Structure formats: structure tokens, C-alpha cells
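Each value in this text was obtained by applying a stated rule to the coordinates, not by laboratory testing. The structure displayed is predicted, hence computed values, not measured ones. We place every Cβ from the backbone using ideal geometry, glycine too, and count neighbours over all the protein chains shown.
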Amino acid sequence: MSQRRWMTAFSLSVILVVPTISSAEIITFAIGGNSSSASIQGTVDAFRAALGDPLNANDPGPLADGRREINWDGGGSTATAPGVTPFTVFFNTRGALIETPGTGFVQVPVTDNDPLNGVSDIADFYGNPSYDGQFSAFSPVRVFNPVGSNVTDVSFIIPGTVDAINPLGIPAAVGGFGAVFSDVDLDQTTQIQFFDFLGNLIATHVVPAGVVSDGSLSFLGGIATAGEQIGRVRITTGNAALDASTTEGNGIDLAVMDDFLYAEPQQVQVPEPAALALLGLGLAAAARPVRRRSRRR
């Protein structure tokens, strides 16, 4: 067999033994509304239906279908609750590991619903009075936000699989993910990036801006259409981080997050190291130039 034919056959054999990781088309559910939950409720409910029933709450997996949701309200809590990164409150119960390049996260009311008792709100937490009235909650009364950054990463495990044998749980991926946002004022500033379980970017979609200047609610959800699994999402909220001195205007757009909704996490099959090594050898061989022998006359 000639060298060229051998390399072609070798490359084909590699393709056959390595699971295919191809780019997926993401069907999006997106809307920008006003400050009322009703303005985006229909789109959120349509996304829930696409993810599927039942709502699995804190039920341990693996489960064949259904969805998970996080609404940050802790059964009606109005308390400000800072958290570290990685944020593991819903790691084992709902299979979501949440991280930021910042210093942590906060679950915080958007308004002070009990001023007599001194309940702090988002303006108090960040020490920025301009945040009073700037944000709304889709599911009252708290929103969720990174501290010291505007980037949030979410990866997945099968819920309920953290134990002595698997202290990090069983890695998983989801077929769809969506989130509610508040006060997205500018196009292209808030987005969700969808990655496969090998870290390859599947798609990037921007969150639509709201239709009122303060406290608008927006929603963006995406579902993979060809069976590909989403191993991680990166959420970028606005184009700056909230803090004591940053205010909106002059091109600065600040946004926060509310409810997360995602398909039931399913276990992924990572390609065997040997198969990956074989793929590397095949690609290297295919890239090597072929010397042609001169014909003897």
C-alpha cells in the first residue's frame, strides 16, 4: 500500500474509534421584557416545556429526563447571602458547579423589603446607592451575581453522586440551559456561551435588551438540536462588574442574573486516552509531507 493510501486509511480508522464531537445548532428562546415577570413568562414556560418534565428538584440522579431549576430565593428568604467560588450550594443536590474569576457570589434582594429591620439589598451590599431601583427579580425577591467580575461559569455533575468514592461527583452534561437576567440595556453586552464537555465552543448567543430603562427582565435559553451535550456554559453579565463606584452610562451596562433552568444532567463518555493518542498520531502523519520517488527511466 502506498504511503498516501496508508495515511488515508489510518486517518479514517482514527475517526471511527474516536467519538464524534461536532458543533451543534442551538435553538434559542429569547425575549426582552419590561420589569414585570409576566413580560417574559411565556418564553420561560416555553423553554421549560422544551427541556421537559418533571421538575426534578433535589432528587438524586441519574434520571432519564426532566429538568432542574435554581431560583436563588431559598424558600422565600430575603437575606443577603454571600458565597465563595466555586459556589457549591447546588452542586450535589442539582448538579451545578458555579464559578467566577472574581471573589465569589451573592444572593441578594433587589430592594429593601423590610427597612425597619435593616434587611440589606443590592445597593447596600455593593455600597452603591445608584443600584436602588435598577434591577428586578423574576422570582421574588433575590437575584444572583458574581462579585469582582461579570463572568460566571456553570458546569455539571449527576445530582446526588458526590460521595467518598467520587468527591467531585460524576461529570455530566446537559441538553439545554437558560437564565433570566435583569437590566440588560445594551445589545451584545450580555451573553451565554455554550461549550461541549471537551471545552470546544458550540455557540454564542446574546441576551436581548429589555424594553424599559431600569429593572427590565430578559431571558435567553438554548437547546442543542443534534444530541450534542453541553458540558459548560459561560455567562457574561453586562460589560462591567458591579461595585461601589461603577454606575451605568457612557457605554457601561450592568446586569444581574435570576433563575437558572437546565435539562437533567446526563453522564458523558470521555474518549479513551488511547483513542485520543491515536487521533494525534493520525493527524500528525496526515500533516507530514509525502516525498514522491522519481521514476527511473
Along the range 190-195, Karplus-curve 3J(HN,Hα) (6.51, -1.76, 1.60; θ = phi - 60°) to the nearest Hz, with x for Gly and Pro, reads 10, 8, 10, 9, 10, 10
In order over the range 58-75: 3J(HN,Hα) from phi, Karplus 6.51/-1.76/1.60, θ = phi - 60°, whole Hz, x for each Gly or Pro, gives 9, 5, x, x, x, 10, 6, 7, x, 8, 10, 9, 10, 10, 6, 9, x, x
If amide H atoms are modeled at 1.01 Å from N in the peptide plane, then the residues at a separation of 5 or more from THR78, or on another chain, having amide H under 5 Å from its own are none
Least to most buried among ILE27, ILE165, by other C-beta atoms within 10 Å and fewest first, runs ILE165, ILE27
Fewest-first ordering of TYR126, TYR262 by Cβ atoms within 10 Å yields TYR126, TYR262
Kirkwood radius from Cα pairs of the range 26-111 plugged into Stokes-Einstein at 25 °C, 0.890 mPa s, gives D in µm²/s equal to 161
For the range 22-270 the translational diffusion coefficient, Stokes-Einstein from a Kirkwood Rh over Cα pairs at 37 °C and viscosity 0.692 mPa s, in µm²/s, is roughly 182
Which residues qualify? For VAL143, with a placed amide H closer than 5 Å and at least 5 residues away or on another chain, they are VAL108, VAL110
Quotient of Cα radius of gyration and Kirkwood radius for the range 74-180, i.e. Rg/Rh, equals 1.03
Note: the range 129-249 at 4 °C, 1.567 mPa s; Kirkwood Rh on alpha carbon pairs; Stokes-Einstein D in µm²/s works out to 81
Applied in sequence order to the range 221-227, the curve 6.51 cos²θ - 1.76 cosθ + 1.60 (Karplus, θ = phi - 60°) yields integer Hz couplings, x standing for Gly and Pro, of x, x, 10, 6, 9, 10, x
